[in-house]
Amino acid sequence: MPLHLIFRKLRQVGPITIGTGMDRDGHMTYIAACGAERCGWSGEYTTVAAANVAAEGHRCRVR
């Protein structure tokens with residue numbers, strides 16, 4: 001299944017996009033991913049609050 005069909009954007013925090021998606025077991029999770037070139041940081045969280053904290057705390061090393 002293509003990623004754009006299972007990922008729904010919720011909000012943007014700087015270069016970080018927070019959205020919902022499905023994990024490997026088919027459960028709904030919250031995903032935070034950095035959109036900066038060559039960064040590659042992302043994380044999968046069970047609550048939107050955890051995804052927000054991770055997005056606000058991420059310091060991208062790529063400048």
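Odds and ends about this structure:
- Residue list for the range 38-51, filter: more than 15 Å from G21 (Cα to Cα) and within 9 Å of the chain's Cα centre (by Cα): W41
- The set of residues in the range 36-56 that are outside any loop (DSSP other than H, G, I, E, B), within 13 Å of P15 (Cα to Cα) and open to solvent by 50 Å² or more (accessible area, probe 1.4 Å) comprises S42, E56.
The values are calculated or read from the model by the stated rules, or taken from the named source; none is laboratory data. This one's a predicted model, so the numbers in the text were calculated from it and none came from an experiment. Ligands, DNA and RNA are stripped out before the accessible areas are found, and what is left, the full protein with its side chains, is counted by its heavy atoms. Shrake-Rupley method; radii C 1.70, N 1.55, O 1.52, S 1.80 Å.
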